[in-house]
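Enquirer: Attaching a single structure in structure tokens format; questions to follow.
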Amino acid sequence: MRIGFVGLGNMGGPMCRNLVKGVNQEVMVHDLNPAAVAARTAEGAKAAGSLAALAGGSEVIFISLPTPRHVEAVAAEIAAHARPGTVLFDLSTNAPAVVKRLHEELAAKGITFLDAPVTGGVARAEDASIVLMVGGEEAVFDRHRAILASFSGTQVHVGPVGSASVAKLVNNMLVLCNMVVAAEGMMVGRAAGIDLSKLVAIIQNGSGDSVGFRGIVARGMQGGFKPNFALDLAYKDLGLAVELAAEHGVPGLMAPQALALMRMARGMGYGGLDSTSVLKVYETLMGQEVRL
């Protein structure tokens, strides 16, 4: 089986590396960043040369891209060059409506499309323990499960196409809202003058702990905002979740507030930093830093 992988960024890069290590198959790769391609070819992958060549020469294709717009562009190129019978897994965080439409368009070309977003962050992409959720034909999921397991620790078939994207957006809505309120809570503690290290210890061992809180502590409160999950991407994900809620008539009371704070942070120039840079909005408004 010939496998293609498109998108070798912070998440796609390590997932592709583990795929190359975990399967005894040829893996062709493509990315607009030549350095990312070189890193993967040094580990055993083969440079495709072009997206068209990868599409025409692969039986199974994985794509890991930043936004729905990027996914649509790459899917169109794959549709133009892939052979009937090709299977395409979209590992990106995408809008359910977009993946449903792509599924229909690609099916007309004889290409099977499954949405397969991941959760767990860069660290779990690196050690192949990341959680993979898949929407689409269950028989296709089962047939490719060994390949999926080469770069993920847990694989869950969620339901039909689009259902995995719903699960991913809900998951990210929770972690990002938790992160925003964690930043606010830490500023309250700082403004009130208590020992932040003791406050953190209490929360980490109490009922207020969360992945979002741990991110604020590990990155924001250390003053290091090197992107683990860039604010621009987090903003895109939460925006998709807010749009999904509106689409289904769910009152948006909490997530839109978190989205507004993230919009402020982006407006202040923090979009390329880690998503925990929302803490810097509070620091700027209050004129004091929240650090351990």
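Values in this text are rule-based calculations from the coordinates and carry no lab data. None of the values given here were measured: they were computed from a predicted structure. Please note: Cβ atoms are built from the backbone with ideal geometry, for glycine as well, and neighbour counts cover all protein chains shown.
Enquirer: Scan Ala125, Ala191 and give me the residue that is over 19 Å from Ala241 (Cα atoms) and in contact with a Pro (Cβ under 6 Å, 6 or more places away or on another chain).
Expert: On inspection, the qualifying residue turns out to be Ala125.
Enquirer: May I ask you to verify whether Leu32 is of a type outside the set (Phe, Trp, Tyr), under 28 Å from Leu231 (Cβ atoms) and surrounded by 21 or more Cβ atoms within 10 Å (Cβ to Cβ)? Before the answer, list the steps.
Expert: Details: of a type outside the set (Phe, Trp, Tyr): yes; under 28 Å from Leu231 (Cβ atoms): yes; surrounded by 21 or more Cβ atoms within 10 Å (Cβ to Cβ): no.
It is false that Leu32 is of a type outside the set (Phe, Trp, Tyr), under 28 Å from Leu231 (Cβ atoms) and surrounded by 21 or more Cβ atoms within 10 Å (Cβ to Cβ).
Enquirer: On to the next question. Does Val23 fit the bill of being touching a residue at least 60 places away in the same chain (Cβ under 8 Å), surrounded by 15 or more Cβ atoms within 10 Å (Cβ to Cβ) and in contact with a Gly (Cβ under 7 Å, 6 or more places away or on another chain)?
Expert: Taking the combined requirement at face value, the residue does not satisfy it.
Enquirer: Determine whether the stretch 44-55 contains at least one residue that is touching a helix residue (DSSP H, G or I) at 6+ places or on another chain (Cβ under 6 Å) and either under 18 Å from Pro160 (Cβ atoms) or among the acidic types (Asp, Glu) (or both).
Expert: No, the stretch 44-55 has no match at all.
Enquirer: May I pose another question? Taking the stretch 89-113, which residues are among the aliphatic types (A, V, I, L, M) and in contact with a helix residue (DSSP H, G or I) (Cβ under 6 Å, 6 or more places away or on another chain)?
Expert: Of everything in the stretch 89-113, those that are among the aliphatic types (A, V, I, L, M) and in contact with a helix residue (DSSP H, G or I) (Cβ under 6 Å, 6 or more places away or on another chain) turn out to be Ala95, Val98, Val99, Leu102, Leu106.
Enquirer: Name the residue, out of Arg101, Arg124, that is farther than 19 Å from Val211 by Cβ and either in contact (Cβ under 8 Å) with a residue 12 or more places away in the chain or not β-branched (Val, Ile, Thr) (or both).
Expert: Going through Arg101, Arg124 in turn, the sole match is Arg101.
Enquirer: Still on this model: Name, by its number, the condition in (1) closer than 21 Å to Ser277 by Cα; (2) in contact (Cβ under 8 Å) with a residue 40 or more places away in the chain; (3) not basic (Lys, Arg) that does not hold for Ala164.
Expert: Just one mismatch for Ala164, condition (1).
Enquirer: Also: Looking at the stretch 21-47, which of its residues are closer than 15 Å to Val6 by Cβ and assigned to a loop (DSSP other than H, G, I, E, B)?
Expert: Asp31, Leu32, Asn33, Ala45 - these are the residues of the stretch 21-47 that are closer than 15 Å to Val6 by Cβ and assigned to a loop (DSSP other than H, G, I, E, B).
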